[in-house]
Amino acid sequence: MQPITLYIFIHNDVPHRAINTLGRAYFKEFTDEITAITKRSFIFKDIRNVQGMTDFNYKSQSIDDVLHRWELAAIRYKNQHGLKWGKTERYILVTHSPLNETTLGCAYPGQPAVIASLKHYQVIAHEVGHSFNASHNNAALGHNPWGSVCETFMFPNASTFRSNCYRFTPENRNNISAFLSDAP
């Protein structure tokens with residue numbers, strides 16, 4: 001089975017101290033979860049200081065516009081570098097700030113282009129989940145091993161009063177598995 005490749009474009013506005021924690025704090029739990037679901041490993045490619053990519057203007061009131069512009073930029077990058085664009089590649093713009101007052105990230109369902117801020121630990125997992133066809137409709141609250149209420153990765157409104165469950169619901173696990181089942 002082909003691994004999943006994450007092209008992680010670290011926006012120039014991400015502080016150096018946050019870059020040092022990206023892997024463990026923002027990627028490990030959900031990539032471990034997707035590996036458990038699909039039996040696919042991950043390849044991580046962090047990309048920094050690329051004009052037109054890591055300085056991308058992501059601040060916008062129009063989420064459709066910014067995601068469409070990011071998708072075009074990612075396709076250009078892919079074409080320039082001879083990369084693939086399919087079910088097992090993701091082009092993630094990691095930003096320090098939200099896109100606007102209400103939007104922390106965005107992704108088209110089933111598509112490789114993703115934008116996610118570092119505002120909450122769950123945002124990257126949530127948006128990448130959308131790109132693998134996980135949905136809000138199948139999100140749920142649960143309980144962590146200590147009995148506290150927690151949010152699964154696709155829960156639509158993160159709250160500082162709840163913890164992260166660090167998992168997808170069984171329904172979203174099925175969505176992700178089905179999406180990747182016919183990928184090489």
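The values are calculated or read from the model by the stated rules, or taken from the named source; none is laboratory data. All of these numbers come straight from a predicted model, not from anything done at the bench. Counting neighbours? That spans all protein chains shown, and the Cβs are built from the backbone with ideal geometry, glycine included. When the accessible area is computed, the model is the full protein with side chains, heavy atoms only, and any ligands, DNA or RNA have been set aside. Shrake-Rupley method; radii C 1.70, N 1.55, O 1.52, S 1.80 Å.
Of note:
- Figure legend. Inter-residue proximity from region 84-100: first residues part of a loop (DSSP other than H, G, I, E, B), second residues among the charged types (D, E, K, R) and open to solvent by 10 Å² or more (accessible area, probe 1.4 Å), beta-carbon distance below 6 Å, spacing 6+ or different chains. Indicated pairs: 85/78; 96/13; 98/119.
- Each residue in region 31-52 was checked for being in contact (Cβ under 8 Å) with a residue 24 or more places away in the chain, over 30 Å from residue 182 (Cα atoms) and not small (Gly, Ala, Ser), and 3 pass.
- Annotation note: of 115, 176, the sole residue that is at pLDDT 95 or above and either under 12 Å from the mean Cα position of the chain (by Cα) or in a loop (DSSP other than H, G, I, E, B) (or both) is 115.
- Flag if residue 77 is over 27 Å from residue 172 (Cα atoms), modelled with pLDDT of 95 or more and among the hydroxyl-bearing types (Ser, Thr, Tyr): yes
- Across region 124-133, the qualifying residues are those that are in contact (Cβ under 8 Å) with a residue 60 or more places away in the chain and in contact with a Gly (Cβ under 8 Å, 6 or more places away or on another chain), and the one among them that is farthest from residue 169 (Cα to Cα) is 124.
- Of all the residues in region 17-36, those that are more than 15 Å from residue 132 (Cβ to Cβ) and among the β-branched types (Val, Ile, Thr) number 2.
- Test: residue in region 106-119 that is in contact with a Leu (Cβ under 6 Å, 6 or more places away or on another chain), basic (Lys, Arg) and touching a residue at least 24 places away in the same chain (Cβ under 8 Å): no
- Verdict on residue 60 being without any contact (Cβ under 8 Å) to a residue 60 or more places away in the chain, out of contact with any Lys or Arg (no Cβ under 6 Å at 6 or more places or on another chain) and among the polar types (S, T, N, Q): yes
- In region 61-106, residue surrounded by the fewest Cβ atoms within 10 Å (Cβ to Cβ) [restricted to those that are hydroxyl-bearing (Ser, Thr, Tyr) and touching a Ser or Thr at 6+ places or on another chain (Cβ under 9 Å)]: 97
- Subset of region 134-182 (residues that are in contact (Cβ under 8 Å) with a residue 60 or more places away in the chain, crowded, with 17+ Cβ neighbours inside 10 Å and polar (S, T, N, Q)): 164
- Only one entry in 153, 179 is among the aromatic types (Phe, Trp, Tyr) and under 24 Å from residue 24 (Cβ atoms), namely 153.
- Checking each residue in region 30-40 for being in contact with a helix residue (DSSP H, G or I) (Cβ under 6 Å, 6 or more places away or on another chain) and either in a loop (DSSP other than H, G, I, E, B) or of a type outside the set (A, V, I, L, M) (or both) picks out 30, 38.
- Among the residues of region 17-55, those that are under 27 Å from residue 80 (Cβ atoms) and open to solvent by 60 Å² or more (accessible area, probe 1.4 Å) comprise 41, 43, 44, 45, 46, 48, 49, 51, 55.
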